[in-house]
1. Tell me, what is the FRET efficiency for Ala52 and Val25 to the nearest 0.05, using R0 = 22 angstrom and their Cβ-Cβ distance as r?
2. Just how many % of Cα pairs in the stretch 100-155 lie over 16 Å apart, if you round to the nearest whole percent?
3. Suppose R0 equals 25 Å. What FRET efficiency, 1/(1 + (r/R0)^6) with r the Cβ-Cβ distance, do Leu206 and Leu134 give to the nearest 0.05?
4. Any idea what the alpha-carbon Rg over 2.2 N^0.38 Å comes to for the chain?
5. Find the relative contact order for the chain and round it to a whole percent, using C-alpha pairs within less than 8 Å whose residues are 6+ positions apart.
6. As a test of reading the structure, rank Leu81, Leu171, Leu147 by solvent-accessible area (1.4 Å probe, protein chains only), most first.
7. Among 28-35, 66-73, what's the highest-first ranking by average C-beta atoms within 10 angstrom per residue?
8. Quick one: putting +1 on the C-beta of Lys and Arg, -1 on the C-beta of Asp and Glu, what dipole do you get for the chain around its Cα centre, in Debye to the nearest 20?
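The values are calculated or read from the model by the stated rules, or taken from the named source; none is laboratory data. Remember, predicted model here, so these are calculated numbers, not experimental data. Neighbour counts are summed over all protein chains in view; Cβ atoms, including those assigned to glycine, are modelled from backbone coordinates with ideal geometry. Ligands, DNA and RNA are excluded from the accessible area calculation, which covers all protein heavy atoms including side chains. Shrake-Rupley method; radii C 1.70, N 1.55, O 1.52, S 1.80 Å.
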Amino acid sequence: MNILSIETATEHGSVALLHDGELLVRRIQGAANHSEAVLRDLRELLIEAGLAVTQLDAIAFGAGPGAFTGLRLACGVAQGLALGAGLGVAAIGSLQALALQVDAGRVFVATDARMGEAYHAAFELDAEGVPMPLGQVGCSQPLELELPAGDWFAAGSAFKVWPQELEARFLGRLTGCRPDMVPRAEEVARLGAMAVGREALAPPELAAPLYVRDKVAFTTAERLARGGRA
């Protein structure tokens, strides 16, 4: 199976090509470099594998939540490539892709959403070892995060931004924590391959990012209400 994938939900972007079970990957550091590097790196991956876009089974992209500009970039590139080649698109949750990196049965993912908030979701492995979400992805202030019952492995940048607050809030209920983990294109590609197997691809024109919230900044009044400065 051949899956081309894009993940630019955070400043640590990447693209990948899953080709006959092997992964080819390019890292893109810095959000400002994403738009310049994505198409170039995707082209290099296809050349390295000796593939044309029309030989792919699908295009997958990290749908978020994450940085609005990065999500629109990944979605737009995936749509453009898929439309031109007559392919379907797999819109993969970025938090699920992050959870797939963790070797644990129950994973609570929380990533920095800026504006004093965190994107979060809880995942449990299914019988095939795929992390499946329990409920919807949320966006909350760190002291409002709630763990489902039981013990969990934690992952994501929110645990780097608010280590003391979250450690105190989840005291005794975390079996481990990886605050350094970010969504990656290789897991997006793997989940995209699973979407192909389930015949769960979307037409390119219907693919869309997962924004969770619809604003990128607070007004002055909102900042003051949250205890910030004008």
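1. Computed FRET efficiency for Ala52 and Val25 comes out at 0.65.
2. 41
3. Once the sixth-power term is evaluated, E becomes 0.45.
4. Computed over Cα atoms of the chain, the ratio equals 1.03.
5. The value is 24 percent.
6. Ranking Leu81, Leu171, Leu147 by accessible area, largest first, yields Leu171, Leu81, Leu147.
7. By packing density, highest mean first, the sequence is 66-73, 28-35.
8. With Lys and Arg at +1 and Asp and Glu at -1, about 720 debye.
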